[in-house]
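Shown next, in C-alpha cells, is the structure this report addresses.
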Amino acid sequence: MSIAAAFAADKTPPPFKVGSPDTLPHHQTNDKLTIGVEPYESGERVKVAFGKVDPYQYGVLPVLVVIQNDTGKAISVDHLRAEYVGPNHDRVYATSAKDVRYLRPPQRPNFIDGPAGRGAKVLAKKNPLDAWEIEGRAFAAQMLPAGNTASGFLYFQTGLERGATIYITGLAEAATGKELLFFELPLN
C-alpha cells in the first residue's frame, strides 16, 4: 500500500505558481508599473505549466507575462499589444490563445479494416494544441486595479532567438484613457 502511495506522489506535478514580476529574469518598471517576461521553451517548468503539451515543439513560443500595478490608478489592459522582435528586426504579433489550437492542421485519421460487413474503425489523434492549459493559462486580464498583479501566457508563432525582445504597448489609465509608455523586454 505504501509503494502505491509513493508512486502516486511521484506522478503529481507541482502546482503552477507565478511570482511577482521582479522574480522573473527579464523585467522593467515604468512609472510604478512593472512588467516581467519569461519564455517557456523547454524544461521542467513547461511540464508544470502545460502538462503533457509542449507548445514549443509545435512552433508556438509561450511567454509568461506578469504585470504589477503600483501606480495608485486602475490600468486598462484590454488593448494590450505584444510583438516578438527578432535580432534581424523581424516582427511576430502574439496569437490569441483561442486560435492556438488551429495552428496545427488536422491529421488524416488511420483506418483499421473491420471484419467483413462490419466496416472500419477510425483511430483519430487529438490535436495536441487543443488542451485546456493553452487557454486556461493565457493572459486574459481586461483591467488591473491599483496594487494588483495579473499574469498569463502570450503565444508567438516563432522560435526563441538570441537577442530577441518583446514590445508591449496599449496599456492605458482606465479613468483618463491616457496611454502609458511602451515596454521593451529582452528574452535572453
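Numbers below:
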quantity	calculated
Residues located in the range 138-181, provided they are among the polar types (S, T, N, Q) and under 22 Å from the mean Cα position of the chain (by Cα)	Q142, N148, T149, S151, Q157, T158, T165, T169
Residue identified as among the β-branched types (V, I, T), modelled with pLDDT of 90 or more, surrounded by 11 or more Cβ atoms within 10 Å (Cβ to Cβ) and under 17 Å from the mean Cα position of the chain (by Cα) among V53, V46	V46
Failed condition for V63, given (1) at pLDDT 95 or above; (2) among the hydrophobic types (A, V, I, L, M, F, W, C); (3) out of contact with any Leu (no Cβ under 6 Å at 6 or more places or on another chain)	(3)
Residue pairs meeting the criteria (Cβ under 9 Å; at least 6 apart or on separate chains; first without any contact (Cβ under 8 Å) to a residue 40 or more places away in the chain, in the range 154-181; second charged (D, E, K, R) and assigned to a strand (DSSP E or B))	E179/E173
Selection status of V53, without any contact (Cβ under 8 Å) to a residue 40 or more places away in the chain and touching a Pro at 6+ places or on another chain (Cβ under 9 Å)	no
Among (1) in contact with a helix residue (DSSP H, G or I) (Cβ under 8 Å, 6 or more places away or on another chain); (2) in a strand (DSSP E or B), the one test that P128 misses	(2)
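Results for (1) of a type in the set (G, A, S); (2) at pLDDT below 90; (3) surrounded by 14 or more Cβ atoms within 10 Å (Cβ to Cβ), shown as yes or no for each residue.
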{"site": "A120", "(1), (2), (3)": "yes, yes, no"}
{"site": "L123", "(1), (2), (3)": "no, yes, no"}
{"site": "G136", "(1), (2), (3)": "yes, no, no"}
{"site": "N148", "(1), (2), (3)": "no, no, yes"}
{"site": "S151", "(1), (2), (3)": "yes, no, yes"}
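The values are calculated or read from the model by the stated rules, or taken from the named source; none is laboratory data. Keep in mind the model is a prediction, meaning the values are calculated, not measured. Counting neighbours? That spans all protein chains shown, and the Cβs are built from the backbone with ideal geometry, glycine included.
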